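Student: Take a look at this one; I'll ask things after.
The values are calculated or read from the model by the stated rules, or taken from the named source; none is laboratory data. Fair warning: this is a prediction, and the values are worked out from it, not measured in the lab. Here the Cβ positions follow ideal geometry from the backbone for every residue, glycine too, while neighbour counts run over all protein chains shown. Heavy atoms of the whole protein, side chains included, go into the accessibility calculation; ligands, DNA and RNA do not. Shrake-Rupley method; radii C 1.70, N 1.55, O 1.52, S 1.80 Å.
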Amino acid sequence: ATATYDALTKYGNTTRGAVVALDGTNRSISIGDVRYVQTAAGSYTCSIDVAQPCSDGWNAARIGDTLLTTDFYAGDTAKRLRRDAQAVLAPAAATDETLAGMPVACVQLQLPGGTAKYCVLSNGIVALLDDGDVRVALNSYFDSADPSAFATA
C-alpha cells in the first residue's frame with residue numbers, strides 16, 4: 001500500500017508532505033525530506049534529495065521538529081487516541097465520512113484544550129489525525145507500493 005499525506009505541525013505552522021509505503025515486511029516512511037526504510041537488508045535513514053548517503057538505523061532526531069514518529073500512520077496515532085480517550089469531557093462522536101475519495105471511520109473527542117479527530121481506512125491505516133499538536137490528512141491511497149520506495153542507493 002502507499003498513502004500520501006499533508007502533515008501540519010501546528011506549533012510553527014509548518015506543513016510537510018509525508019508518504020508511507022508498505023509491502024510485506026518492507027516499510028518506507030517519508031516525512032518532509034527524510035525517508036526511513038526498513039527491509040530484510042536492514043533499517044536506514046535517508047535524505048529524499050539523496051544529497052547525503054543513507055545511514056544505518058533510524059535516526060528519529062531527523063524528524064524531531066515535526067512532532068510525528070515513523071509510526072504516525074498506525075501505532076502512534078492509536079497511542080494518541082488512547083491518551084485522549086482518558087481525558088474526554090463528553091461522549092465521543094463517531095461518524096462515517098469520505099476523505100481523499102476513500103470511506104473512513106472517524107471519532108471526534110471533546111478535550112479540555114479543544115477537540116481531536118481521528119479517522120482510519122478500513123484496513124486501519126490513519127486517514128486523519130487532528131489534535132492540538134498536529135494535523136495529518138490523507139491525500140491519496142493506493143493498494144500497491146512502488147519497489148523504488150525501498151531503495152537505499
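Student: Does region 96-105 include one or more residues that are hydroxyl-bearing (S, T, Y) and open to solvent by less than 70 Å² (accessible area, probe 1.4 Å)? Walk me through how you get there before you give the answer.
Tutor: Of all residues in region 96-105, those hydroxyl-bearing (S, T, Y) come to 98.
From what is left, the residues that are open to solvent by less than 70 Å² (accessible area, probe 1.4 Å) are none.
Looking for residues that are hydroxyl-bearing (S, T, Y) and open to solvent by less than 70 Å² (accessible area, probe 1.4 Å), one finds none in region 96-105, hence no.
Student: Within region 131-153, can you find the residues that are open to solvent by less than 50 Å² (accessible area, probe 1.4 Å) and in a strand (DSSP E or B)?
Tutor: Matches in region 131-153: V134, V136, A137, L138, S140, Y141.
Student: Mind checking whether some residue in region 94-104 is within 18 Å of A137 (Cα to Cα), touching a Lys or Arg at 6+ places or on another chain (Cβ under 8 Å) and among the aliphatic types (A, V, I, L, M)? Let's see the steps before the verdict.
Tutor: In the first step, residues of region 94-104 are kept if they are within 18 Å of A137 (Cα to Cα); the result is 94-104.
This time we only want the ones that are touching a Lys or Arg at 6+ places or on another chain (Cβ under 8 Å), so: none.
No, that holds for no residue.
Student: Those residues that are among the β-branched types (V, I, T), within 17 Å of T4 (Cβ to Cβ) and part of a strand (DSSP E or B), I need them from region 80-130; list them, please.
Tutor: Initial filter on region 80-130 (among the β-branched types (V, I, T)): 88, 95, 98, 104, 107, 115, 120, 125-126.
Narrowing the set further to residues that are within 17 Å of T4 (Cβ to Cβ) leaves 98, 104, 120, 125-126.
Across region 80-130, the qualifying residues are T98, V104, V120, V126.
Student: Let me ask something else about it. Quick check on this structure: which one of C106, C46 is touching a Ser or Thr at 6+ places or on another chain (Cβ under 9 Å) and either aliphatic (A, V, I, L, M) or modelled with pLDDT under 95 (or both)? Steps first, please.
Tutor: Numbers: C106 fails: either aliphatic (A, V, I, L, M) or modelled with pLDDT under 95 (or both).
Answer to the selection: C46.
Student: Continuing with this model, one more query. In region 64-79, how many are under 19 Å from L121 (Cα atoms), without any contact (Cβ under 8 Å) to a residue 60 or more places away in the chain and not in a helix (DSSP H, G or I)?
Tutor: The qualifying residues number 3.
Student: Having 1 or more residues that are closer than 26 Å to D130 by Cα, open to solvent by less than 40 Å² (accessible area, probe 1.4 Å) and out of contact with any His (no Cβ under 8 Å at 6 or more places or on another chain) is the bar; report the strands (runs of 3 or more DSSP E) wholly within region 2-56 that clear it. Explain how you work it out, then say what you get.
Tutor: On the way: elements: 2-9, 14-23, 26-31, 34-39, 42-47.
Result: 2-9, 14-23, 26-31, 34-39.
Student: Out of (1) in a strand (DSSP E or B); (2) open to solvent by 80 Å² or more (accessible area, probe 1.4 Å), what's the single condition that is false for A61?
Tutor: Answer for A61: the failing condition is (1).
Student: Only residues in region 31-50 that are basic (K, R) count as the first member; pair them with residues that are in a strand (DSSP E or B), Cβ under 6 angstrom, at least 6 apart or cross-chain, and list the lot.
Tutor: Qualifying pairs under 6 Å: R35/C46.
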